[in-house]
Amino acid sequence: MVAETGAEQNNKKTNDVLSSTQTVIHKALEKLGYPEEVYELLKEPLRMLTVKIPVKMDDGKVKVFTGYRAQHNDAVGPTKGGIRFHPAVTEREVKALSIWMSLKCGIVDLPYGGGKGGIICDPRNMSFGELERLSRGYVRAISQIVGPTKDIPAPDVFTNSQIMAWMMDEYSRMDEFNSPGFITGKPLVLGGSHGRESATAKGVTICIREAAKKRGIEIEGASVVVQGFGNAGSFLAKFMHDAGAKVVGISDAYGALYDPNGLDIDYLLDRRDSFGTVTNLFNNTLTNKELLELECDILVPAAIENQITAENAYDIKAKIVVEAANGPTTLEATQILTERGILLVPDVLASSGGVTVSYFEWVQNNQGYYWSEEEVEEKLEKILVKAFDTIYTTSQNRRVDMRLAAYMVGVRKMAEASRFRGWI
Ligand SMILES: NC(=O)C1=CN([C@@H]2O[C@H](COP(=O)(O)OP(=O)(O)OC[C@H]3O[C@@H](n4cnc5c(N)ncnc54)[C@H](O)[C@@H]3O)[C@@H](O)[C@H]2O)C=CC1
Ligand SMILES: O=C(O)CCC(=O)C(=O)O
């Protein structure tokens, strides 16, 4: 195979998440000995739908929003992945997010390929009614390519169980059938699963525990910094706090809080709003940049992409970085952290607890029989411990960093399924 130097150069200049993902996919396929056509198939989603969604706003005017749904690869099974509502959503970002979903599903061995959706909007400035009309409009716009056996959405940044409920209701109306398996991350009363809300953070907690063992760090008393205080970050801060760790820093989109003696996580959870904002209630805040560079044992970026870059990677003081967010560390920064001996647990492994419990939710919807929280947690624990172990061992045996090892593990199933189907 020829090295993807173009993509590598482009990535260095722009931190473009799609080209950096392509670079690692290429390296992983090369290490596994697959021919170039496999890369050609997997470097972009099989399908990418761009939609325009007209929404009647509360002031009576119509605003037209742009949305996307990417389906990366459906050789293994239906595609699966969240929907993001954020002003910075781009087509390339959604494509990269769909590729990461394929890798996650491969890593935790789910019968899915990856998909992802996004709408360019700022839900923090929209009313409940506007959000409902936008959510329903998006489902109508993408209805032809999604469905319980085609592509199953879920929550992501700035979307939640209420939005999943509206989307499920809209799809069920079109389908003229109650279709809980159309979407996951629903409220419990509509067929949601116990444990889905905290699943991403649970998975991250398991990865932190396993990574800490490798580095001889005791969780009890360890200092932890978490960037982002939404679904992933806030539950994680709570789990780490409850496990006896000292959560010394947290942040949201507006700033960060720091207390070397440990923050009062229960108080912050109580005061945060539905978008994971809490720092606006305090005067003594740090910037997100300062937060990432704090002295700590464990750093968890749980917000957005490109937060640890070549610019700040030398200033990271943590011994372990566990990526709850998708794409928070650039490739250059991955290399710098690895060279500095920092153990980096990559997003496609660390954040795969969410899609794992989404799969459990879909299974429960399909069989119409629901599991207890203990059952969900037990199954999640087994899957994540095994995935961590496989990737850590691959990284040691093949002498590659954990990100490349995770891509090698994650890409294999879809490459094999595509081959058996006769696509390549
Ligand atoms: N919700 C889920 O099940 C999963 C989420 N993830 C990833 O975890 C990350 C966080 O997602 P959620 O917690 O679901 O989102 P969320 O919407 O619940 O919370 C997002 C948090 O990030 C903060 N944030 C937003 N922009 C920021 C910025 N520019 N700088 C610093 N903080 C910022 C927000 O203020 C909020 O605290 C994303 O990368 C997402 O893709 C990954 C797997 C599953
Ligand atoms: O729960 C799911 O199906 C997908 C979660 C997600 O979007 C992600 O892992 O990034």
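Values computed for the structure shown
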| read-out | value |
| --- | --- |
| Only listed residue being in contact with an Asp or Glu (Cβ under 6 Å, 6 or more places away or on another chain), at negative phi and crowded, with 16+ Cβ neighbours inside 10 Å, chosen from Glu323, Glu332, Glu361 | Glu323 |
| Residues of the range 294-309 satisfying the condition of being open to solvent by 40 Å² or more (accessible area, probe 1.4 Å) and either touching a helix residue (DSSP H, G or I) at 6+ places or on another chain (Cβ under 6 Å) or more than 14 Å from ligand 1 (Cβ to nearest atom) (or both) | Glu295 |
| Filter result for the condition that a residue is in contact (Cβ under 8 Å) with a residue 40 or more places away in the chain and under 25 Å from Ser19 (Cβ atoms), over Thr338, Thr356 | Thr338 |
| Residue under evaluation Leu281, criteria (1) among the hydrophobic types (A, V, I, L, M, F, W, C); (2) within 16 Å of ligand 2 (Cβ to nearest atom); (3) open to solvent by 20 Å² or more (accessible area, probe 1.4 Å), criterion not met | (2) |
| So Val322, is it in contact (Cβ under 8 Å) with a residue 12 or more places away in the chain, touching a strand residue (DSSP E or B) at 6+ places or on another chain (Cβ under 7 Å) and within 16 Å of ligand 2 (Cβ to nearest atom) | yes |
| Qualifying positions in the range 57-87 - in a strand (DSSP E or B) and open to solvent by 50 Å² or more (accessible area, probe 1.4 Å) | Val62, Lys63, Val64 |
| Subset of the range 310-320 (residues that are hydrophobic (A, V, I, L, M, F, W, C) and either touching a Cys at 6+ places or on another chain (Cβ under 6 Å) or open to solvent by 10 Å² or more (accessible area, probe 1.4 Å) (or both)) | Ala310, Ala318 |
| Answer residue from the range 110-152, given it is away from ligand 1 (no atom under 15 Å from the Cβ) and under 19 Å from the mean Cα position of the chain (by Cα) and is surrounded by the fewest Cβ atoms within 10 Å (Cβ to Cβ) among those | Pro111 |
| Residue list for the range 7-56, restricted to those being assigned to a helix (DSSP H, G or I), at pLDDT below 95 and surrounded by fewer than 22 Cβ atoms within 10 Å (Cβ to Cβ) | Ala7, Glu8, Gln9, Asn10, Lys12, Lys13, Thr14 |
| Qualifying residue in the range 273-290 (condition: at negative phi, in contact (Cβ under 8 Å) with a residue 12 or more places away in the chain, among the polar types (S, T, N, Q) and touching a helix residue (DSSP H, G or I) at 6+ places or on another chain (Cβ under 7 Å)) | yes |
| The lone exception for Tyr369 - which of (1) over 22 Å from the mean Cα position of the chain (by Cα); (2) touching a residue at least 60 places away in the same chain (Cβ under 8 Å) it fails | (2) |
| Residue count, the range 172-185 (criterion: within 11 Å of ligand 2 (Cβ to nearest atom) and not small (Gly, Ala, Ser)) | 2 |
| Output for the range 254-296, where each listed residue is in contact with a Gly (Cβ under 8 Å, 6 or more places away or on another chain) and of a type in the set (Gly, Ala, Ser) | Ala256, Gly276 |
| Given (1) closer than 26 Å to Phe128 by Cβ; (2) basic (Lys, Arg); (3) away from ligand 2 (no atom under 15 Å from the Cβ), number of the condition Lys213 does not satisfy | (1) |
| Among (1) within 12 Å of ligand 1 (Cβ to nearest atom); (2) out of contact with any helix residue (DSSP H, G or I) (no Cβ under 6 Å at 6 or more places or on another chain) - the single one Val204 does not satisfy | (2) |
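Yes/no per residue for (1) of a type outside the set (Lys, Arg); (2) under 18 Å from Ser251 (Cα atoms); (3) within 15 Å of ligand 2 (Cβ to nearest atom):
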residue: Leu269; (1), (2), (3): yes, yes, no
residue: Leu299; (1), (2), (3): yes, yes, no
residue: Glu311; (1), (2), (3): yes, no, no
residue: Pro328; (1), (2), (3): yes, yes, yes
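The values are calculated or read from the model by the stated rules, or taken from the named source; none is laboratory data. From a predicted model like this one, the values you see are computed outputs, not experimental measurements. Reconstructed Cβ throughout: ideal geometry from the backbone, glycine too, with neighbour counts over all protein chains shown. Just the protein is used for accessible areas: all its heavy atoms, side chains included, with ligands, DNA and RNA removed. Shrake-Rupley method; radii C 1.70, N 1.55, O 1.52, S 1.80 Å.
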